[in-house]
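Quick notes on the structure that follows.
The values are calculated or read from the model by the stated rules, or taken from the named source; none is laboratory data. Please read all numbers here as calculations on a predicted model, not as lab measurements. Virtual Cβ from ideal backbone geometry, glycine too; neighbours counted across all protein chains shown. When the accessible area is computed, the model is the full protein with side chains, heavy atoms only, and any ligands, DNA or RNA have been set aside. Shrake-Rupley method; radii C 1.70, N 1.55, O 1.52, S 1.80 Å.
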Amino acid sequence: VTYVDSKLAQDLPTAVAAAGTIGRKGDRVPLTPRWSASASAEYETPVWGDVTGYAQARISYKGDSYSTFNRATTFDTYLPDYTLIGGQIGIRGGSGWEVSIYGENLGNEVPYLGVVPSLDGTPNFTARPRTFGLRLRSGI
């Protein structure tokens, strides 16, 4: 769990503000959520010989934030909080090989990870949609 109370210590320089980035002393730093947290767990069990079966689960949370220092900026965008969940099950051998199936973004969240506001619009960067796959690994 992380708590960040990141704020400007002083006003941004006049030239920066004149270019459109308005930031005043005490404004929250853009794209910086106050709260975030993550957790993961893994369970392993012997299957046969040097082969081990395992299951993993992951969850991460990011609190809300804004794309600019304060709400006075034309291109300010609110970025809501989100939670991403993933997992994997598989087997691995003592010689370095591994076979697993995995799932990412199991809740199929569509979070705003970042934005680049401009006069042409506001492209949003987001997580991949719900994804399932097969992983094959080999040690050399």
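Residues in segment 62-76 that are surrounded by fewer than 16 Cβ atoms within 10 Å (Cβ to Cβ) and either outside any loop (DSSP other than H, G, I, E, B) or over 24 Å from the mean Cα position of the chain (by Cα) (or both): A72, T74.
Conditions tested, residue by residue: (1) aliphatic (A, V, I, L, M); (2) closer than 22 Å to V4 by Cα.
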{"residue": "A39", "(1), (2)": "yes, yes"}
{"residue": "A55", "(1), (2)": "yes, no"}
{"residue": "Y61", "(1), (2)": "no, yes"}
{"residue": "T74", "(1), (2)": "no, no"}
{"residue": "I85", "(1), (2)": "yes, no"}
{"residue": "Q88", "(1), (2)": "no, no"}
{"residue": "I91", "(1), (2)": "yes, no"}
{"residue": "V99", "(1), (2)": "yes, no"}
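Only a single criterion out of (1) surrounded by fewer than 16 Cβ atoms within 10 Å (Cβ to Cβ); (2) under 30 Å from R24 (Cα atoms); (3) of a type in the set (F, W, Y) is not satisfied by Y82, namely (1).
Give the residue that is nearest to L31 (Cα to Cα), with candidates limited to residues of segment 95-116 that are part of a loop (DSSP other than H, G, I, E, B) and open to solvent by less than 20 Å² (accessible area, probe 1.4 Å). Looking at the filtered set, the residue picked out is P111.
The residues listed here are R92, R130; of these, the one that is surrounded by fewer than 16 Cβ atoms within 10 Å (Cβ to Cβ), touching a residue at least 24 places away in the same chain (Cβ under 8 Å) and among the basic types (K, R) is R130.
Are any residues in segment 7-29 assigned to a loop (DSSP other than H, G, I, E, B) and surrounded by 12 or more Cβ atoms within 10 Å (Cβ to Cβ), and if so, which ones? Across segment 7-29, the qualifying residues are L8, D11, L12, T21, I22, G23, R24, G26, D27, V29. The residues on offer are T32, T45, and the sole one that is β-branched (V, I, T), open to solvent by less than 60 Å² (accessible area, probe 1.4 Å) and part of a strand (DSSP E or B) is T45.
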